[in-house]
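Q: Provided herewith is a single structure, encoded as C-alpha coordinates, for subsequent inquiry.
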Amino acid sequence: MAASPPPAGIVTRFAPSPTGYLHLGHAHSALIAWRAAREAGGRFLLRIEDIDRTRCRPEFAEALLEDLAWLGLDWDGPVRVQSAHFDDYRAVLDGLSARGLLYPCFCTRADIAREVAAIGAAPHGPEGALYPGTCRRLSADERAARIVSGAPYALRLDMAAALSAVGTPLFFEERGEGRLRCDPARFGDVVLARKDTPASYHLCVTHDDALQGVTLVTRGEDLKPATELHRLLQALMGWPAPAYRHHALMLGPDGKRLAKRDGAVALRALRAAGRSAAEIRALAGG
Ligand code: GLU
(Lines give C-alpha, C1' and ligand atoms only; values in the text may rest on other atoms or scores of the structure.)
Protein backbone atom coordinates (compact mmCIF):
# COMPACT_ATOMS: atom_id res chain seq x y z
CA MET A 1 0.00 0.00 0.00
CA ALA A 2 1.36 3.42 -0.90
CA ALA A 3 2.24 5.70 1.98
CA SER A 4 -0.31 8.43 2.56
CA PRO A 5 0.83 11.85 1.38
CA PRO A 6 2.54 14.01 4.00
CA PRO A 7 0.39 16.73 5.55
CA ALA A 8 0.49 20.03 3.67
CA GLY A 9 2.26 22.99 5.19
CA ILE A 10 4.24 21.06 7.78
CA VAL A 11 6.49 23.21 9.98
CA THR A 12 9.10 21.53 12.20
CA ARG A 13 11.85 22.94 14.32
CA PHE A 14 15.04 22.12 16.15
CA ALA A 15 15.34 24.02 19.41
CA PRO A 16 18.63 23.37 21.17
CA SER A 17 19.79 25.07 24.36
CA PRO A 18 23.36 26.33 23.99
CA THR A 19 24.71 24.84 27.20
CA GLY A 20 27.48 22.90 25.47
CA TYR A 21 28.60 21.71 22.04
CA LEU A 22 26.18 19.70 19.93
CA HIS A 23 26.78 15.97 19.97
CA LEU A 24 25.54 13.02 17.90
CA GLY A 25 22.26 12.94 19.81
CA HIS A 26 21.54 16.51 18.73
CA ALA A 27 22.46 15.65 15.14
CA HIS A 28 19.98 12.77 15.32
CA SER A 29 17.23 15.02 16.63
CA ALA A 30 17.96 17.85 14.19
CA LEU A 31 18.00 15.45 11.22
CA ILE A 32 14.62 13.99 12.18
CA ALA A 33 13.04 17.45 12.25
CA TRP A 34 14.84 18.65 9.13
CA ARG A 35 13.99 15.55 7.12
CA ALA A 36 10.33 15.57 8.22
CA ALA A 37 10.03 19.10 6.85
CA ARG A 38 12.10 18.65 3.71
CA GLU A 39 10.40 15.39 2.69
CA ALA A 40 7.01 17.06 3.02
CA GLY A 41 8.05 20.24 1.21
CA GLY A 42 7.49 22.06 4.50
CA ARG A 43 9.53 24.45 6.60
CA PHE A 44 12.27 23.70 9.09
CA LEU A 45 12.99 26.32 11.75
CA LEU A 46 15.92 26.74 14.06
CA ARG A 47 15.42 28.26 17.50
CA ILE A 48 18.01 28.88 20.17
CA GLU A 49 16.55 28.30 23.62
CA ASP A 50 18.91 30.38 25.71
CA ILE A 51 16.54 31.67 28.37
CA ASP A 52 18.54 30.18 31.21
CA ARG A 53 21.35 32.73 31.28
CA THR A 54 23.11 30.83 34.07
CA ARG A 55 23.72 27.79 31.83
CA CYS A 56 23.72 29.07 28.23
CA ARG A 57 26.71 30.71 26.55
CA PRO A 58 26.86 32.72 23.31
CA GLU A 59 29.89 30.78 22.07
CA PHE A 60 27.87 27.55 22.18
CA ALA A 61 25.08 29.26 20.23
CA GLU A 62 27.54 30.36 17.56
CA ALA A 63 29.11 26.91 17.48
CA LEU A 64 25.80 25.16 16.98
CA LEU A 65 24.95 27.26 13.92
CA GLU A 66 28.30 26.34 12.44
CA ASP A 67 27.95 22.64 13.33
CA LEU A 68 24.48 22.36 11.78
CA ALA A 69 25.58 24.12 8.59
CA TRP A 70 28.62 21.84 8.38
CA LEU A 71 26.30 18.87 8.75
CA GLY A 72 24.45 20.11 5.66
CA LEU A 73 21.28 21.30 7.34
CA ASP A 74 19.57 24.45 6.16
CA TRP A 75 16.76 26.27 7.92
CA ASP A 76 14.02 28.62 6.82
CA GLY A 77 13.77 32.21 7.92
CA PRO A 78 15.68 33.88 10.71
CA VAL A 79 16.88 31.96 13.76
CA ARG A 80 14.75 32.87 16.77
CA VAL A 81 16.92 33.56 19.79
CA GLN A 82 14.75 33.39 22.89
CA SER A 83 16.86 35.73 25.02
CA ALA A 84 15.96 38.56 22.61
CA HIS A 85 12.27 38.13 23.40
CA PHE A 86 11.87 38.42 27.15
CA ASP A 87 9.11 40.99 26.60
CA ASP A 88 6.99 38.42 24.75
CA TYR A 89 7.20 35.96 27.61
CA ARG A 90 6.59 38.71 30.17
CA ALA A 91 3.36 39.60 28.36
CA VAL A 92 2.17 35.99 28.62
CA LEU A 93 3.01 35.91 32.34
CA ASP A 94 1.19 39.21 32.87
CA GLY A 95 -1.87 37.82 31.10
CA LEU A 96 -1.90 34.68 33.26
CA SER A 97 -1.39 36.80 36.40
CA ALA A 98 -4.28 39.06 35.48
CA ARG A 99 -6.48 35.96 35.25
CA GLY A 100 -5.45 34.90 38.76
CA LEU A 101 -3.60 31.83 37.48
CA LEU A 102 -0.15 32.68 38.88
CA TYR A 103 1.07 33.44 42.36
CA PRO A 104 4.41 34.62 43.74
CA CYS A 105 6.37 32.00 45.64
CA PHE A 106 9.01 33.18 48.09
CA CYS A 107 10.19 29.73 49.18
CA THR A 108 13.83 28.83 48.73
CA ARG A 109 14.76 25.34 47.57
CA ALA A 110 15.75 24.60 51.18
CA ASP A 111 12.32 25.75 52.46
CA ILE A 112 10.60 23.44 50.00
CA ALA A 113 12.88 20.50 50.81
CA ARG A 114 12.11 20.98 54.53
CA GLU A 115 8.37 21.09 53.93
CA VAL A 116 8.43 18.09 51.63
CA ALA A 117 10.46 16.12 54.19
CA ALA A 118 7.97 17.07 56.90
CA ILE A 119 5.08 15.77 54.78
CA GLY A 120 6.74 12.37 54.55
CA ALA A 121 5.20 10.68 51.52
CA ALA A 122 4.94 13.89 49.49
CA PRO A 123 3.52 13.38 45.99
CA HIS A 124 6.07 13.43 43.17
CA GLY A 125 5.65 14.42 39.52
CA PRO A 126 7.87 14.32 36.43
CA GLU A 127 10.03 17.13 37.86
CA GLY A 128 10.37 15.78 41.40
CA ALA A 129 8.44 16.44 44.59
CA LEU A 130 5.35 18.57 44.04
CA TYR A 131 5.38 22.01 45.58
CA PRO A 132 3.37 21.81 48.80
CA GLY A 133 1.49 25.02 48.05
CA THR A 134 2.83 27.10 50.96
CA CYS A 135 2.79 30.45 49.17
CA ARG A 136 -0.52 29.74 47.44
CA ARG A 137 -2.10 30.19 50.84
CA LEU A 138 -0.60 33.63 51.54
CA SER A 139 -3.07 36.50 51.77
CA ALA A 140 -2.97 39.29 49.21
CA ASP A 141 -1.62 41.65 51.89
CA GLU A 142 1.15 39.24 52.86
CA ARG A 143 2.16 38.83 49.21
CA ALA A 144 2.22 42.58 48.64
CA ALA A 145 4.25 43.17 51.81
CA ARG A 146 6.86 40.60 50.83
CA ILE A 147 7.16 41.94 47.30
CA VAL A 148 7.57 45.50 48.61
CA SER A 149 10.25 44.28 51.04
CA GLY A 150 12.27 43.16 48.01
CA ALA A 151 12.09 39.41 48.76
CA PRO A 152 12.97 37.44 45.62
CA TYR A 153 10.16 35.32 44.26
CA ALA A 154 9.23 32.89 41.51
CA LEU A 155 5.88 32.78 39.73
CA ARG A 156 4.00 29.52 40.00
CA LEU A 157 1.02 28.30 38.04
CA ASP A 158 -1.97 27.62 40.28
CA MET A 159 -2.59 24.19 38.78
CA ALA A 160 -6.09 23.71 40.21
CA ALA A 161 -7.18 27.13 38.95
CA ALA A 162 -5.59 26.49 35.55
CA LEU A 163 -7.35 23.15 35.16
CA SER A 164 -10.68 24.63 36.08
CA ALA A 165 -10.10 27.56 33.67
CA VAL A 166 -9.62 25.04 30.85
CA GLY A 167 -12.48 22.86 32.04
CA THR A 168 -12.15 19.97 29.57
CA PRO A 169 -9.82 16.96 29.39
CA LEU A 170 -6.75 17.55 27.26
CA PHE A 171 -5.07 15.30 24.71
CA PHE A 172 -2.08 15.54 22.43
CA GLU A 173 -1.41 13.78 19.16
CA GLU A 174 1.65 11.57 19.24
CA ARG A 175 2.62 10.38 15.77
CA GLY A 176 2.41 6.61 15.66
CA GLU A 177 0.42 6.38 18.89
CA GLY A 178 -2.62 8.55 18.33
CA ARG A 179 -4.33 10.81 20.84
CA LEU A 180 -2.83 10.62 24.31
CA ARG A 181 -4.61 11.91 27.38
CA CYS A 182 -2.82 14.54 29.43
CA ASP A 183 -2.65 14.73 33.19
CA PRO A 184 -0.96 18.08 33.82
CA ALA A 185 -1.88 17.95 37.52
CA ARG A 186 1.08 15.58 37.86
CA PHE A 187 3.31 18.68 37.68
CA GLY A 188 1.65 20.48 40.57
CA ASP A 189 2.11 24.25 40.80
CA VAL A 190 5.00 24.51 38.34
CA VAL A 191 7.35 27.48 38.25
CA LEU A 192 6.82 29.60 35.12
CA ALA A 193 9.33 32.32 36.01
CA ARG A 194 12.21 32.77 38.44
CA LYS A 195 14.23 35.75 39.49
CA ASP A 196 17.31 34.57 37.57
CA THR A 197 15.34 32.95 34.69
CA PRO A 198 12.46 35.29 33.92
CA ALA A 199 10.47 32.71 31.92
CA SER A 200 10.55 28.92 32.10
CA TYR A 201 11.32 26.48 29.32
CA HIS A 202 7.69 25.30 29.38
CA LEU A 203 6.35 28.78 28.81
CA CYS A 204 8.85 29.82 26.15
CA VAL A 205 8.68 26.62 24.14
CA THR A 206 4.89 26.63 23.89
CA HIS A 207 4.78 30.34 23.16
CA ASP A 208 7.34 30.07 20.39
CA ASP A 209 5.90 26.94 18.80
CA ALA A 210 2.59 28.82 18.54
CA LEU A 211 4.14 32.07 17.37
CA GLN A 212 6.22 30.34 14.72
CA GLY A 213 3.37 28.16 13.46
CA VAL A 214 5.09 24.88 14.27
CA THR A 215 2.77 22.02 13.29
CA LEU A 216 4.97 19.04 14.22
CA VAL A 217 7.24 19.06 17.26
CA THR A 218 9.94 16.40 17.00
CA ARG A 219 12.13 15.98 20.06
CA GLY A 220 13.60 13.39 22.40
CA GLU A 221 11.32 11.11 24.38
CA ASP A 222 12.71 12.56 27.62
CA LEU A 223 10.44 15.54 26.92
CA LYS A 224 7.30 13.51 26.34
CA PRO A 225 5.97 13.93 29.91
CA ALA A 226 6.39 17.72 29.61
CA THR A 227 4.03 17.70 26.64
CA GLU A 228 1.11 17.15 29.04
CA LEU A 229 1.94 20.45 30.70
CA HIS A 230 2.56 22.12 27.34
CA ARG A 231 -0.96 21.18 26.24
CA LEU A 232 -2.34 22.87 29.33
CA LEU A 233 -0.44 26.09 28.58
CA GLN A 234 -1.60 25.96 24.95
CA ALA A 235 -5.21 25.49 26.05
CA LEU A 236 -4.98 28.30 28.61
CA MET A 237 -3.55 30.68 26.06
CA GLY A 238 -5.74 29.60 23.13
CA TRP A 239 -2.68 28.50 21.16
CA PRO A 240 -2.99 25.75 18.53
CA ALA A 241 -1.79 22.27 19.46
CA PRO A 242 0.94 20.92 17.18
CA ALA A 243 1.35 17.18 16.63
CA TYR A 244 4.29 15.54 18.39
CA ARG A 245 6.82 12.90 17.58
CA HIS A 246 9.05 11.99 20.51
CA HIS A 247 11.98 9.95 19.29
CA ALA A 248 14.20 7.52 21.20
CA LEU A 249 17.40 9.04 22.54
CA MET A 250 20.75 7.96 21.13
CA LEU A 251 22.76 5.95 23.59
CA GLY A 252 26.53 5.78 24.00
CA PRO A 253 28.52 2.53 23.95
CA ASP A 254 27.94 2.28 27.73
CA GLY A 255 24.19 2.19 27.11
CA LYS A 256 23.77 5.58 28.76
CA ARG A 257 22.17 8.58 27.14
CA LEU A 258 24.67 10.81 25.29
CA ALA A 259 25.29 13.99 27.24
CA LYS A 260 26.82 17.32 26.34
CA ARG A 261 29.45 16.89 29.01
CA ASP A 262 30.69 13.85 27.02
CA GLY A 263 33.07 15.88 24.86
CA ALA A 264 34.19 12.82 22.90
CA VAL A 265 30.96 12.77 20.91
CA ALA A 266 30.77 16.52 20.25
CA LEU A 267 30.26 17.06 16.53
CA ARG A 268 33.24 19.38 16.35
CA ALA A 269 35.46 16.81 18.05
CA LEU A 270 34.41 14.21 15.47
CA ARG A 271 35.01 16.71 12.71
CA ALA A 272 38.45 17.58 14.11
CA ALA A 273 39.19 13.86 14.17
CA GLY A 274 38.61 13.78 10.41
CA ARG A 275 35.03 12.50 10.20
CA SER A 276 33.05 13.84 7.24
CA ALA A 277 29.58 15.34 7.50
CA ALA A 278 28.20 12.37 5.52
CA GLU A 279 29.72 9.95 8.02
CA ILE A 280 28.25 11.88 10.94
CA ARG A 281 24.85 11.94 9.27
CA ALA A 282 25.05 8.18 8.84
CA LEU A 283 26.09 7.70 12.48
CA ALA A 284 23.29 9.98 13.61
CA GLY A 285 20.72 7.97 11.72
CA GLY A 286 20.50 10.13 8.67
N1 GLU B 1 15.68 23.37 24.34
C2 GLU B 1 15.37 22.01 24.71
C3 GLU B 1 16.63 21.22 24.89
O4 GLU B 1 17.67 21.56 24.36
C5 GLU B 1 14.51 21.29 23.69
C6 GLU B 1 13.17 21.86 23.62
C7 GLU B 1 12.19 21.16 22.71
O8 GLU B 1 12.57 20.56 21.70
O9 GLU B 1 11.01 21.27 22.99
O10 GLU B 1 16.59 20.21 25.58
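The values are calculated or read from the model by the stated rules, or taken from the named source; none is laboratory data. Note that this is a predicted model, so its numbers are computed, not measured. Note that we place each Cβ from the backbone using ideal geometry, even for glycine, and neighbour counts take in every protein chain shown. Remember, those area values only see protein heavy atoms, side chains included, never the ligands or the DNA or RNA. Shrake-Rupley method; radii C 1.70, N 1.55, O 1.52, S 1.80 Å.
Q: For the chain, give the percent of accessible area contributed by carbon and sulfur heavy atoms, probe 1.4 Å, rounded to a whole number.
A: Exposed carbon and sulfur together represent 54 percent of the surface.
Q: Turning to a different aspect of this structure: Against the longest alpha carbon principal axis of the chain, how many degrees, from 0 to 90 and to the nearest 10, is the axis of helix 24-39 turned?
A: The angle comes out at about 80 degrees.
Q: Given 20 °C and 1.002 mPa s, how large is the Stokes-Einstein diffusion coefficient of segment 3-159 in µm²/s, with Rh as the Kirkwood radius over Cα pairs?
A: The diffusion coefficient I find is 112 µm²/s.
Q: Most fluctuating residue of PRO78, PRO104, PRO253 in a GNM of the chain with Cα springs under 10 Å: which is it?
A: Result for the chain, Cα springs under 10 Å: PRO253 fluctuates most.
Q: At a probe size of 1.4 Å, how large is the accessible area of TRP239, to the nearest 10 Å²?
A: 50 Å²
Q: Quick one: grab the alpha carbon gyration tensor of segment 103-172, order the square roots of its eigenvalues as a ≥ b ≥ c, and give me rounded if a/c is under 1.5, else prolate or oblate depending on whether a/b is larger than b/c.
A: Verdict is oblate for segment 103-172.
Q: Any idea what the relative contact order of the chain is, in percent, if you count C-alpha pairs under 8 Å spaced at least 6 apart?
A: Over the chain, the number comes to 25 percent.
Q: Follow-up question, since we're still on this one. In terms of solvent-accessible area of protein heavy atoms at a 1.4 angstrom probe, what is the ranking of SER200, SER17, highest value first?
A: Largest accessible area first, the list is SER17, SER200.
Q: Take GLU127, GLU228 and sort them by solvent-accessible surface of the protein heavy atoms, 1.4 Å probe, largest at the top.
A: GLU127, GLU228
Q: Tell me, what is the 1.4 Å probe accessible area of TRP34, in Å² to the nearest 10?
A: Looks like 50 Å² after rounding.
Q: Take every Cα pair under 8 Å in segment 63-222 that's 6+ residues apart, average their separations, divide by the length, and report that relative contact order as a whole percent.
A: Computed value for segment 63-222: 24 percent relative contact order.
Q: So which trypsin sites (Lys or Arg not before Pro) in segment 1-100 pass both tests, a DSSP loop state and at most 15 other Cβ atoms within 10 Å of the Cβ?
A: ARG53, ARG55, ARG99
Q: For helix 224-237, report the angle its Cα long axis makes with the longest principal axis of the Cα atoms of the chain; keep it between 0 and 90° and round to the nearest 10°.
A: 60 degrees
Q: Separation of segment 218-261 and segment 68-137 by C-alpha centroid, Å?
A: 16 Å
Q: Quick one: accessible area per residue over the chain, 1.4 Å probe, rounded to a whole number of Å²?
A: 49 Å²
Q: What is the angle, in °, between the Cα long axis of helix 109-119 and the longest principal axis of the Cα atoms in the chain? Nearest 10 is fine, range 0 to 90.
A: The helix 109-119 is inclined about 70 degrees to the chain.
Q: Who wins for biggest fluctuation among LEU102, LEU46, LEU211 in a Gaussian network model of the chain, springs between alpha carbons below 10 Å?
A: The residue with the greatest mean-square fluctuation here is LEU211.
Q: As a test question: what accessible area, to the nearest 10 Å², does VAL11 have when a 1.4 Å probe is rolled over all protein chains in place?
A: VAL11 has an accessible surface of roughly 10 Å² with all protein chains in place.
Q: With a/c under 1.5 counting as rounded, go ahead and sort segment 68-140 into rounded, prolate or oblate using the C-alpha gyration tensor (a ≥ b ≥ c being the square roots of the eigenvalues; past the cut-off, prolate if a/b is larger than b/c, else oblate).
A: The shape class here is oblate.
Q: Right, another one. How big is the convex hull of the Cα atoms of the chain, per residue, in Å³?
A: Considering the Cα atoms of the chain, their hull volume per residue is 162 Å³.
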